[in-house]
1. Can you tell me which residue in the range 86-105 is farthest from MET372 (Cα to Cα), limited to those that are touching a Pro at 6+ places or on another chain (Cβ under 7 Å) and not acidic (Asp, Glu)?
2. Of the residues that sit in the range 233-265 and are part of a helix (DSSP H, G or I) and of a type in the set (Lys, Arg), which one is most open to solvent (accessible area, probe 1.4 Å)?
3. Kindly provide the set of residues from the range 103-125 that are within 23 Å of ASN381 (Cα to Cα) and out of contact with any helix residue (DSSP H, G or I) (no Cβ under 6 Å at 6 or more places or on another chain), ordered by number.
4. I'm trying to understand the selection: among the residues of the range 121-134, which are open to solvent by 30 Å² or more (accessible area, probe 1.4 Å) and touching a strand residue (DSSP E or B) at 6+ places or on another chain (Cβ under 8 Å)?
5. In the range 351-378, how many are more than 16 Å from the chain's Cα centre (by Cα), assigned to a helix (DSSP H, G or I) and more than 16 Å from ALA112 (Cβ to Cβ)?
6. Output the helices (runs of 4 or more DSSP H) that fall wholly within the range 43-123 and possess 1 or more residues being among the β-branched types (Val, Ile, Thr), or say none.
7. Mind listing whichever residues of the range 178-187 are in a helix (DSSP H, G or I) and crowded, with 20+ Cβ neighbours inside 10 Å?
Amino acid sequence: MFLTNPTSKTLKKLLSHSQKPIVSFLCHPQNPPYSHTQKSHYVDVYMKWKKDPYYDSIDHIHKSIQLKPIISLKNCIAQDPNGCIPISQVSKRGLEFDVPMKVARFLRQYPAIFEEFTGPQYNLPWFRLTPEAVEIDREEKRVFENCKEDLKDRLKRFILMSKGKVLPLKIIQGMQWYLGLPEDFLRCLEVNLDGSFKFVEMEDGLKGLAVECEEKVLSVIQRNAMKKGVYFGEPMEAIEFPFFPRKDARLRRKIDDWLKEFQKLPYVSPYEDFLHLDPGSDIAEKRVVGFLHELLSLFVEHSAERKKLLCLKKYFGLPQKVHKAFERHPHMFYLSLRNKTCTAILKEAYNDKLAIERHPLLRVRNKYINLMKQSGVILKNKRLSNRYLDRGSAKLDLDLDVVDEERGEITDLDVSPRMII
């Protein structure tokens, strides 16, 4: 009688928990074995954030925010048949180029990239690229042409990690800078893509891009584990994540034990089906961490603004509090707070350069950043020279005053005797 009419809240919880595996088995009869042995003991991992000068000093990560509008304006000038444009052509397109100030002022901040001159009509300011910027632009176009297959493969992997292997074009456009795709990539998709890509209509009237791929895709972690001989592609096989802890990191015994058990859990590739996983289990968390690792490994700087990554939750099946993965796993990710934003950085890319393939566009972006630095030197020297000229003119005026005073004194001395005579 007590069992048929349960009144105790505790008993209801026990019954609900006891029935959960049965329901899961009936709904997913073909699940892999590890889906029925998922651990759900949550450990409250809290590690105090500590600034790391090494990751905070990587130029191509932290100057990426300034570089993006520079590249957009550079492309606007380079695409013009004359190779130069009047300021009126871009002055009202600041939001489009993501320029944080007046466009003319922004262009003048980088004299090593943009050269200003007076136009043929109405004495308006015009801008063209410096010879150094023109040469880097040519190199950038060669990279896009020679590495077309690599860029296409990165886009394919990005889509294959999503639910249903399809993504809206707006999501791809939002990640275009991180993936290193050229700005006009989405305008010429038929030319840039092959038969494995397909346009589809998604919900809410969105146009999407789907990928058809029958062969198994391995993640960076799986490929590296195979090279080391610690992974053979078997089901329920565990792969340990590459950890790069701080030298002064001291973990509590409970957290240290949890990390060791976490490393022993089966690895679920971001390219595999994950809908059968219990969202509250440790295996599901390991899948999310593996997804973030694979995602950042595809990007040019192996980093991204955290708020941009949070926009991917809906289409990649990420939990609501996916940002906690960065905080719970500081041995894999570093959160930089420079530029008034939070940037997630993949540590492995900067500690083991052989583990992750270098993006072909990174070298080109570093060259643009060098021109940005040269611009700072040019402006500094110009300010110093202006100060010197100002001081020199002030000194000259002072000397002229002294000469005038001396001449006045001489005149007075000459006049006085004549008046006496």
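The values are calculated or read from the model by the stated rules, or taken from the named source; none is laboratory data. Keep in mind that what you see is a predicted model, and the values were worked out from it rather than measured. FYI the Cβ positions are ideal-geometry reconstructions off the backbone, even for glycines, and counts take in every protein chain you see. When the accessible area is computed, the model is the full protein with side chains, heavy atoms only, and any ligands, DNA or RNA have been set aside. Shrake-Rupley method; radii C 1.70, N 1.55, O 1.52, S 1.80 Å.
1. In this case the residue turns out to be ILE87.
2. So the first thing to find is which residues in the range 233-265 are part of a helix (DSSP H, G or I), and the list is 253-264.
Among the residues that remain, those that are also of a type in the set (Lys, Arg) are: 253-254, 260, 264.
On the way: ARG253: 179, LYS254: 116, LYS260: 115, LYS264: 129 Å².
Restricting to residues being part of a helix (DSSP H, G or I) and of a type in the set (Lys, Arg), the top hit is ARG253.
3. Taking the range 103-125 as the starting set, the residues that turn out to be within 23 Å of ASN381 (Cα to Cα) are 103-118, 125.
The answer is ARG105, PHE106, LEU107, ARG108, GLN109, GLU115, GLU116, PHE117, THR118.
4. LEU124, PRO125, TRP126, ARG128
5. 1
6. Those helices (runs of 4 or more DSSP H) span 59-62, 64-78, 103-108.
7. Our first condition is that a residue be in a helix (DSSP H, G or I); within the range 178-187, this holds for 178-179, 186-187.
TYR178 - this is the single residue of the range 178-187 that is in a helix (DSSP H, G or I) and crowded, with 20+ Cβ neighbours inside 10 Å.
So that you can scan it fast, the table gives a plain yes or no per residue for (1) at pLDDT 90 or above; (2) polar (S, T, N, Q):
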{"site": "ASP248", "(1), (2)": "no, no"}
{"site": "TRP258", "(1), (2)": "no, no"}
{"site": "GLN263", "(1), (2)": "yes, yes"}
{"site": "TYR267", "(1), (2)": "yes, no"}
